[in-house]
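Asks: My structure is below; once you've seen it, I'll send some questions.
The values are calculated or read from the model by the stated rules, or taken from the named source; none is laboratory data. Computed from a predicted model, the values in this text were never measured in an experiment. Virtual Cβ from ideal backbone geometry, glycine too; neighbours counted across all protein chains shown. Just the protein is used for accessible areas: all its heavy atoms, side chains included, with ligands, DNA and RNA removed. Shrake-Rupley method; radii C 1.70, N 1.55, O 1.52, S 1.80 Å.
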Amino acid sequence: MSARDRILAKLRGARPAEPLAHPDPAPHYTARARNESKAERLARFRTGIEGFHAEVHVSTEADWPALLARLCADKGVGTLLFGAQTPAGRRLDPATFTGTTLRPWAGQVEDIKADLFHTVDAGFTQTRGAIAETGSLILWSSADEPRTLSLVPPIHFALLDAAHIHPTFYDALVSENWAAGLPTNALLISGPSKTADIQQTLAYGAHGPKELIVLVINAEGDVQ
């Protein structure tokens with residue numbers, strides 16, 4: 001018997017006869033529920049993510065494309081990479097982006113690697129939601145909107161529906177039934193990329209976007 005077989009045999013022999021019971025986390029979170037309104041969850045999320053040096057701009061379902069165009073102009077964005085086949089991507093009109101070229105995502109990373117790392121100034125993505133407790137965005141990547149859009153360009157613009165801000169990560173998992181199926185990548189983003197050297201000098205943009213700009217829609221009212 002090989003060493004590998006002996007190790008595996010010992011592991012199998014130590015396996016319990018009955019599956020171990022997993023603790024139920026629901027009582028822990030239920031007892032600590034804040035019963036917040038949508039406005040209160042947005043406020044808590046905003047405090048958290050702005051504390052990590054992200055920008056938050058509140059708009060409406062009708063006006064956010066114009067706000068995005070204005071922010072691109074203000075920040076001198078020459079090229080904005082986006083998922084043209086997503087619901088949000090279809091709302092972008094090149095005519096409103098003065099001085100900014102809208103570039104739809106197409107092909108594979110290898111096909112556009114040079115442009116992606118050297119000429120694309122910003123990426124735009126939708127979000128699946130957010131977490132108020134940690135000030136984090138939730139992104140699920142797809143073929144139409146790969147994670148590269150949020151990880152490589154110097155600026156990341158993210159569109160967030162305030163109705164999908166969850167109190168905690170646990171609430172997001174349960175209310176959206178993540179157990180039923182997950183994408184290849186699920187991203188939690190709490191601010192722009194940052195790192196620090198041994199002298200604790202903080203630098204932004206070393207391993208990804210140096211700016212994170214969140215556009216929040218459907219923030220009006222106090223709907224739960």
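Asks: Report, in debye and to the nearest 20, how large the dipole of the chain comes out about its Cα centre when Lys and Arg carry +1 and Asp and Glu carry -1 on their Cβ.
Replies: In debye, rounded to 20, the chain gives about 820.
Asks: Sticking with this one: Leaving ligands, DNA and RNA out of it, work out the accessible area of Val152 with a 1.4 Å probe and give it in Å² to the nearest 10.
Replies: 40 Å²
Asks: Let me ask something else about it. Among DSSP bridges having both ends in the chain, what percentage is antiparallel? Round to the nearest 5.
Replies: Of those bridges, close to 30 percent are antiparallel.
Asks: A follow-up question, please. Rank Ile138, Pro167, Thr148 by how far each Cα sits towards the positive end of the charge dipole of the range 108-224 (+1 on Lys, Arg Cβ; -1 on Asp, Glu Cβ) and give me just the farthest.
Replies: My answer, from the dipole projection, is Thr148.
Asks: Just to be sure I understand the model, the point goes 7 Å from the Cα along the line to the Cβ. What's the resulting Asn35 to His118 distance in nm?
Replies: Taking the two extended label points, one gets 6.0 nm.
Asks: Here's a follow-up. With r defined as the distance between the Cβ atoms of Ala43 and Ser175 and R0 fixed at 22 Å, what FRET efficiency is calculated, to the nearest 0.05?
Replies: FRET efficiency, Ala43 to Ser175: 0.65.
Asks: To continue, here is another question. Give me the percent of Cα-Cα pairs in the chain that sit more than 24 Å apart, rounded to a whole number.
Replies: 52 percent
Asks: May I pose another question? Looking at Thr119, Trp64, Leu92, which one has the Cα that reaches farthest to the positive end of the dipole of the chain (charges on Cβ: Lys, Arg +1; Asp, Glu -1)?
Replies: Among Thr119, Trp64, Leu92, the one farthest towards the positive end of the dipole of the chain is Thr119.
Asks: While we're looking at this one, here's another question. Using unit Cβ charges (K, R positive; D, E negative) and no other charged atoms, how large, in debye to the nearest 20, is the dipole of the range 102-224 about its Cα centre?
Replies: 300 debye
Asks: Using a 1.4 Å probe, what is the accessible area per residue for the range 1-160, in Å²?
Replies: 57 Å²
Asks: Along the Cα→Cβ direction, 7 angstrom out, place labels at Thr168 and Leu188. What is the inter-label distance in nm?
Replies: Calculated label separation equals 1.2 nm.
Asks: With a 1.4 Å probe and every protein chain left in place, tell me how much accessible area Asp111 has, in Å² to the nearest 10.
Replies: Asp111 exposes around 110 Å² with every protein chain in place.
Asks: Return P(r) of the range 9-119 (all Cα-Cα pairs; 10 Å bins starting at 0; whole %; ordered from short to long distances).
Replies: In whole percents, the pair-distance histogram is 10, 23, 24, 15, 17, 9, 3.
Asks: Taking the Cα centre of the range 1-112 as origin, sum charge times position over the Cβ atoms of Lys and Arg (+1) and Asp and Glu (-1), and report the length of that vector in debye to the nearest 20.
Replies: 580 debye
Asks: Taking the full set of protein chains and a 1.4 angstrom probe, give the accessible area of Phe157 in square angstrom, rounded to the nearest 10.
Replies: Around 0 Å² of this residue is reachable by solvent.
Asks: Please quote Rg/Rh for the range 130-224 to two decimal places, taking the Kirkwood radius as Rh and restricting both calculations to Cα atoms.
Replies: Checking Rg against Rh, the ratio lands at 1.01.
Asks: Here is a further query. State, to one decimal in nm, how far the label point of Glu50 lies from the label point of Asp5, with both points 7 Å from Cα in the Cβ direction.
Replies: For the pair Glu50/Asp5, the computed spacing is 6.6 nm.
Asks: Now a separate question. Determine which aspartates and glutamates satisfy two conditions relative to Lys10: a Cα distance under 20 Å, and not lying fewer than 8 residues away in the same chain.
Replies: Cross-link targets: Glu18.
Asks: Per DSSP H run of n ≥ 4, the term is -39500 (n - 2.57); total these for the chain, divide by its residue number, and report the mean residue ellipticity at 222 nm rounded to 500 deg cm²/dmol.
Replies: Using -39500 (n - 2.57) per qualifying helix, the result is -8000 deg cm²/dmol.
Asks: Considering the options Thr201, Phe82, Ala21, tell which one lies farthest towards the positive end of the dipole of the chain, charges being +1 on Lys and Arg and -1 on Asp and Glu at the Cβ, about the Cα centre.
Replies: Projecting each Cα onto the dipole axis, the largest value belongs to Ala21.
Asks: Across the range 59-71, in residue order, what do the Karplus-derived ³J(HN,Hα) couplings come to in whole Hz, using 6.51 cos²θ - 1.76 cosθ + 1.60 with θ = phi - 60° and x for Gly and Pro?
Replies: Along the range 59-71, the couplings run 9, 10, 4, 7, 9, 4, x, 5, 5, 4, 4, 5, 5 Hz.
Asks: Could you order Glu36, Glu110, Glu50 by accessible surface area, starting with the largest, using a probe radius of 1.4 Å?
Replies: Glu110, Glu50, Glu36
Asks: Let me ask something else. Across every pair of different alpha-carbon atoms, what Kirkwood hydrodynamic radius in Å does the range 56-119 reach?
Replies: So the Kirkwood estimate lands at 12.7 Å.
Asks: So, with a 1.4 angstrom probe, what is the percent of accessible area on the chain that is carbon and sulfur?
Replies: On the chain, the fraction of accessible area on carbon and sulfur atoms equals 54 percent.
Asks: Where does each of Trp105, Trp64, Trp140 land when they are ordered by accessible area, with a 1.4 Å probe and the largest first?
Replies: Trp140, Trp105, Trp64
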